[in-house]
Amino acid sequence: MSLRDATALFFSRRNGRVVVAAVAVALVARLVHGGFGGLDLVVVAAVVAAQPFVEWTIHVSVLHFRPRSLGRRTVDLPIARKHRAHHRDPRDVDLVFVPLPDLLLLLVAIPAGFLLLEPDLGLALTGVLTGYALLAVYEWTHFLIHQPYTPKTRLYRYVRRAHVLHHFRNENYWFGVTMHLGDHVLRTFPAKDDVPLSPTARTLGVEETETGAETAAA
């Protein structure tokens, strides 16, 4: 697949259009507000520095959430179910994106969080723009990794190889997608041959029954 074809496929999906439109709106809002200063760079640096750990935490705690029994009920997360489906079929294009309801929730939560934490509107808008941009990078990078596109740069080869190992070597490592600082700091970026081939890399330890229900493997 060429990069041009990959780009066309990305924008053929609603997530691609929505997340890029959100970045454009945030950029216009920040430019209209004006008043740029050195603190804007501090906000950008802080958000970028937090991103690897945000990715790591969400991947471990939310996407790899396993069904839990609570009395007679089974507690599960829709986004975790979709992520398990993604592991079972990594080539399904529609499964590589953040589920649209969750994407829309993020597009609301990001500005809400910055507006609550930062009283200066300009700095809050800088944070929103940076957060939206990183979200768009995440969607694009994860999408491209799962396409038959040959990496052209060393950085992209590094990122792609780590994610392929997560899917096909061992799901308990290599949790970053766009950045792997979190993996290195939290010691989940081993050499390939230092960890065994996991029998649950495709199921995440949750087996699907004939009725379509999912149960956590013992």
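No lab work stands behind these numbers, since they all come straight from the coordinates. Values in this document were obtained by computation on a predicted structure and should not be read as measured data. FYI the Cβ positions are ideal-geometry reconstructions off the backbone, even for glycines, and counts take in every protein chain you see.
List of remarks:
- Subset of segment 9-27 (residues that are among the small types (Gly, Ala, Ser) and either out of contact with any helix residue (DSSP H, G or I) (no Cβ under 9 Å at 6 or more places or on another chain) or over 14 Å from LEU106 (Cβ atoms) (or both)): SER12, GLY16, ALA21, ALA24
Residues are listed down the side, and each one gets a yes or a no for (1) more than 26 Å from ARG13 (Cα to Cα); (2) buried (at least 17 other Cβ atoms within 10 Å of the Cβ):
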position: GLU55; (1), (2): no, yes
position: HIS59; (1), (2): no, yes
position: VAL62; (1), (2): no, no
position: ARG68; (1), (2): yes, no
position: ARG72; (1), (2): yes, no
position: VAL75; (1), (2): yes, no
position: ALA80; (1), (2): no, yes
position: HIS87; (1), (2): no, yes
position: ASP94; (1), (2): no, no
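- Entry remark, segment 34-45: residues being in a helix (DSSP H, G or I), loosely packed, with under 14 Cβ neighbours inside 10 Å and touching a residue at least 60 places away in the same chain (Cβ under 8 Å) number 1 in total.
- Within segment 70-106, being assigned to a helix (DSSP H, G or I) and of a type outside the set (A, V, I, L, M) holds for PRO78, ARG81, LYS82, HIS83, ARG84, HIS86, HIS87, ARG88, ASP94, PRO101, ASP102.
- All helices (runs of 4 or more DSSP H) inside segment 107-218 with 1 or more residues being closer than 26 Å to SER12 by Cβ, touching a residue at least 12 places away in the same chain (Cβ under 8 Å) and basic (Lys, Arg): 154-168
- Any hit, segment 175-185, residues being closer than 30 Å to THR7 by Cβ and small (Gly, Ala, Ser): yes
- Candidate set from segment 1-31 (those that are without any contact (Cβ under 8 Å) to a residue 24 or more places away in the chain and within 16 Å of THR130 (Cα to Cα)); member that is nearest to the chain's Cα centre (by Cα): ALA21
- Residue list for segment 161-178, restricted to those being over 18 Å from PHE65 (Cα atoms) and either in contact with a Phe, Trp or Tyr (Cβ under 9 Å, 6 or more places away or on another chain) or surrounded by fewer than 16 Cβ atoms within 10 Å (Cβ to Cβ) (or both): ARG161, ALA162, HIS163, VAL164, LEU165, PHE168, THR178
- Flag for ALA112 being under 30 Å from LEU27 (Cβ atoms) and either out of contact with any Ser or Thr (no Cβ under 9 Å at 6 or more places or on another chain) or among the aromatic types (Phe, Trp, Tyr) (or both): yes
- Residue selection: ALA49 fails the criterion of being more than 14 Å from GLY182 (Cβ to Cβ) and in a helix (DSSP H, G or I).
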